1. Using modelled backbone amide H atoms (1.01 Å from N, in-plane), which distant-in-sequence or interchain residues come within less than 5 Å of Val178's amide H?
2. Could you give the accessible area per residue of region 197-342, probe 1.4 Å, as a whole number in Å²?
3. Which whole-number percentage describes the relative contact order of region 212-257, with Cα contacts under 8 Å and a sequence gap of 6 or more?
4. Can you pull the three principal axis extents for the Cα set of region 251-402, in Å, largest first?
5. Looking at the chain as a GNM with Cα springs under 10 Å, which of Arg33, Arg18, Arg118 has the largest mean-square fluctuation?
6. Counting Lys and Arg as +1 and Asp and Glu as -1, what is the net charge of the other residues whose Cβ lies under 10 Å from the Cβ of Phe341?
7. Can you give the Rg to Rh ratio for region 82-199, taking only C-alpha atoms and Rh from Kirkwood?
8. Along its three principal axes, how long is the chain when you only count alpha carbons? Whole Å, largest extent first please.
Amino acid sequence: MTIYDDARQLEDELAAFRAELHADPEIGLQLPRTQARVLRELEPLGLEISVGRATTSVVAVLRGGARDERQPRAVLLRADMDALPVRERTGLDFASENGAMHACGHDLHTASLIGAARLLHHHRDRLAGDVVFMFQPGEEGYDGAGVMVNEGVLDAAGYRVCAAFAIHVLSAGLPNGVVSTRSGPVMSSSQRLLVRVDGQGGHGSMPHRAKDPITAAAEMVTSLQSTVTRSFDVFDPVVVTVGQFQAGTRHNVIPDHAEFAATLRTFSTENSAKIRADLERTLRGVADAHDVGVDVRFEEETLLTVNDEFEAGFAADVARSVLGEHSYRPMPHPLAASEDFSRVLTHVPGAFLTLGATPPGMDPATAPNNHSAYAVFDPAVLPKAAALYAELALRRLEHESA
Ligand SMILES: [Zn+2]
């Protein structure tokens, strides 16, 4: 019996647990009901369990039966547990009715990692090291992973883990059951840009006696797009989107100030470092040209998620070997979304994998995407994800001790 065979025996139980999570989603860093359910599922396994101080995270450590006492090794497996403020419209019989929705499939991640814990506990005699199970709240913009890293999840086994893996299901874009990843950047970095233009108000009929912040700010918005196309390699994209612009109170009054805010996405370490200086230079230049003041602020939201070359290749080999040769597809380019698993991958090598979960009968090219109120995920992928998590840990520890 392979681990995947064992995982298939768990399919109904994992699907039932996932449906229970799905019907009662929680948002952000405080997920008390979800945490209680995860603790209930882990309880019979007798793992070393700790819960977050600042959040409702859960960390469980499984000690392998074949661990080397003198040189212990551990692998970390991550599942996020939080939902989104989306009113569900899937029509599923276990659909959420509380105004939140597991629209990003984190309920499947949580159930899969519980499955992996059960599988690895069952096969613990074969485990050449320890496994840290990281159940994280607040992935959707709350930096739950950052909080857990600060609270010591990477050293939960008593020493630093040697590798970390996360799996993310997709309701569209990949065929059902297909795993995909890549070496290097896998998800974009995200930053917020806040700009305040300080002019001098006046009468709309006499702009020469004022300093109009609106024309300057409008030119800044278009100049930012020129900077993107003129300063960055077309094959290493940068996205700058101004989503907010505020100024003025009346059509014939020049206001004192104008403000706008943008989201910035980059897909390489080079551009993540370069973008701030380039955009700031453009903004200051336009401000000088208009003789207005400008206040420029950048706020980091999510780091670039970078897969380690060895770990990404290793994970791809495990996926092919566990789920079949046809079940792996290399990812051609990074995904234009952001992930706080990046917090883990800045400290330890690892890989972030995606897993296609478009339900049968739906076309992955047109199915509603993750975060949509209509997004549906096929629970049949649960044993695949559970087996993949478990085999990643088992084989990575075997590799380390070989
Ligand atoms: Zn997600």
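The values are calculated or read from the model by the stated rules, or taken from the named source; none is laboratory data. On a predicted model such as this, the values are computed, not experimentally measured, just so you know. Methodologically, a virtual Cβ is constructed for each residue, glycine included, from the backbone with ideal geometry; neighbour enumeration extends over all protein chains shown. Accessible surface areas use protein heavy atoms only, side chains included; no ligands, DNA or RNA. Shrake-Rupley method; radii C 1.70, N 1.55, O 1.52, S 1.80 Å.
1. Hits under the 5 Å cutoff: Gly356.
2. Accessible area per residue, region 197-342: 53 Å².
3. Relative CO of region 212-257 lands at 54 percent.
4. 67, 42, 21
5. Looking only at Arg33, Arg18, Arg118, the biggest GNM fluctuation is shown by Arg33.
6. -2
7. 1.04
8. So the three principal-axis extents are 83, 47, 42 Å.
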